[in-house]
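K.L.:
Structure below; questions to follow.
The values are calculated or read from the model by the stated rules, or taken from the named source; none is laboratory data. Predicted, not measured: the structure shown is a model, and the values here were computed from it. No Cβ is skipped: glycine too gets one built from the backbone with ideal geometry, and neighbour counts run over all protein chains shown. Quick note on the areas: whole protein, heavy atoms, side chains included, nothing else; ligands and nucleic acids left out. Shrake-Rupley method; radii C 1.70, N 1.55, O 1.52, S 1.80 Å.
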Amino acid sequence: MYHLQGPQVLQMLKKSLRKSLPESLKVYTTVFHMNQGNPFKLKAVVDKWPDFTTVVIRPQEQEMTDDFDHYTNTYQIYYKNPTNCQEFLGASDVINWKQHLQIQSSQSSLNEVIQNIAAAKLVKVKQDQAIMYMLSETASKLIPSLLEAKNLPPKSGRPKAINQEMFKLSSLDVTHTALVDKFWRFGGNERSQRFIERCIRTFPTFCLLGPEGTPVSWSLMDQTGEIRMGGTVPEYRAQGLSTYVIDAHIRTMDKLDYPTYYHTLITNKITQKISHRLRHIIMPCDWNQWHCEPL
């Protein structure tokens, strides 16, 4: 196992991962943020260097003190060879299989590797899969071949105008943590609130303040650069507010050359309709997350 440290080595890793986009997207964007000061104190490990076959991004050991905090105990993985990957992930010092944890990847084929290891180590696994979307402008920079192959437009659409007298574009602060957590499908507990608060403190956030001066729609990102926790309070839905906030967030990050993307469930037709209206690009690979619990 090789622990990659220092901006030059991480830049080499990012450059190598870029050649494997979009399959390496989840790891590529995480390494990008590690190169921007590494605010979540992550580390990159590979099976060998520089000709790696598996990359694992994980928190540093001192961050993973709560065995039940799977929000913190999250690993991002990209692999080239399934046999090597299974051998590497099965090593006890790469992933702490005794903790509650999450594994994220843009490769659904990783499921077989995880299931094999989980069976051997007596770990219960639940997989979530979703569709990934990206702004056309971001995709044209990162994966131009994707737009060319599908003859897709290089520019995304724009949202409908909103009543800017009633709604003001702003940012979230930590006092809004409970509100965001309430509407996040992966949330609903103290640990998720701690994770959301950390994301609010660390990364740019966007929201629309309603007439009462409180957030009615919002968008924030996680340590992988994914716009992950968006929502609108029920009484303000179906007014195009989520579309407006997501568009503002993604375009701002794109102008700063931050690669951003988001996912939605196959069953979430509303978000899919928003993505289609904005002409965002569907990634040819899936968003995957495995929730692992030791038995």
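K.L.:
Among the residues that make up the stretch 227-238, is at least one of them of a type in the set (Gly, Ala, Ser), in contact (Cβ under 8 Å) with a residue 40 or more places away in the chain and open to solvent by 10 Å² or more (accessible area, probe 1.4 Å)?
P.N.:
Among the residues of the stretch 227-238, at least one is of a type in the set (Gly, Ala, Ser), in contact (Cβ under 8 Å) with a residue 40 or more places away in the chain and open to solvent by 10 Å² or more (accessible area, probe 1.4 Å), which makes the answer yes.
K.L.:
So the check is Cβ under 9 Å with 6+ separation or different chains; which pairs have a first residue in the stretch 90-116 that's open to solvent by less than 50 Å² (accessible area, probe 1.4 Å) and a second one that's among the basic types (Lys, Arg)?
P.N.:
Sorted first by the residue in the stretch 90-116, then by its partner, the pairs are GLY90/LYS121; VAL94/ARG58; ILE95/ARG58; TRP97/LYS121; GLN104/LYS26; SER105/LYS26; SER106/LYS26; GLN107/LYS26.
K.L.:
For the stretch 119-136, enumerate the residues that are small (Gly, Ala, Ser) and in contact (Cβ under 8 Å) with a residue 12 or more places away in the chain.
P.N.:
Within the stretch 119-136, ALA120, ALA130, SER136 qualify.
K.L.:
Could you look through the stretch 87-101, keep only residues that are outside any loop (DSSP other than H, G, I, E, B) and of a type outside the set (A, V, I, L, M, F, W, C), and pick out the one that is farthest from LYS41 (Cα to Cα)?
P.N.:
Ranking the qualifying residues of the stretch 87-101, first place goes to GLU87.
K.L.:
Quick check on the stretch 242-281: of everything there that is out of contact with any strand residue (DSSP E or B) (no Cβ under 6 Å at 6 or more places or on another chain) and aliphatic (A, V, I, L, M), which residue is farthest from SER156 (Cα to Cα)?
P.N.:
ILE266
K.L.:
Identify all residues within the stretch 239-251 that are open to solvent by 30 Å² or more (accessible area, probe 1.4 Å), out of contact with any Gly (no Cβ under 7 Å at 6 or more places or on another chain) and more than 23 Å from GLN36 (Cβ to Cβ); write none if there are none.
P.N.:
Scanning the stretch 239-251 gives GLN239, GLY240, TYR244.
K.L.:
Determine the pairs where a residue that is surrounded by fewer than 19 Cβ atoms within 10 Å (Cβ to Cβ), located within the stretch 181-197, has a partner that is assigned to a loop (DSSP other than H, G, I, E, B) with Cβ atoms under 6 Å apart, the partner being 6 or more residues away or on another chain.
P.N.:
Hits for this filter: TRP184/MET229; ARG191/ASP69; ARG191/TYR71.
K.L.:
I'd like the full set of residues that are farther than 23 Å from THR243 by Cα, modelled with pLDDT of 90 or more and open to solvent by 90 Å² or more (accessible area, probe 1.4 Å), limited to the stretch 124-177.
P.N.:
Across the stretch 124-177, the qualifying residues are LYS124, LYS126, THR175.
K.L.:
Could I ask something else about it? Can you name the residue in the stretch 252-282 that is open to solvent by 100 Å² or more (accessible area, probe 1.4 Å) and either in contact (Cβ under 8 Å) with a residue 24 or more places away in the chain or part of a loop (DSSP other than H, G, I, E, B) (or both) and is also farthest from ASN35 (Cα to Cα) among such residues?
P.N.:
Taking the candidates together, the pick is THR267.
K.L.:
Do any residues in the stretch 36-53 that are assigned by the TED database to the domain that holds MET64 have Cβ atoms under 7 Å from those of residues that are among the aromatic types (Phe, Trp, Tyr) and open to solvent by less than 40 Å² (accessible area, probe 1.4 Å), where the two are at least six apart or on different chains, and which pairs are they?
P.N.:
Pairs found: VAL46/PHE52; ASP47/PHE88; THR53/TYR79.
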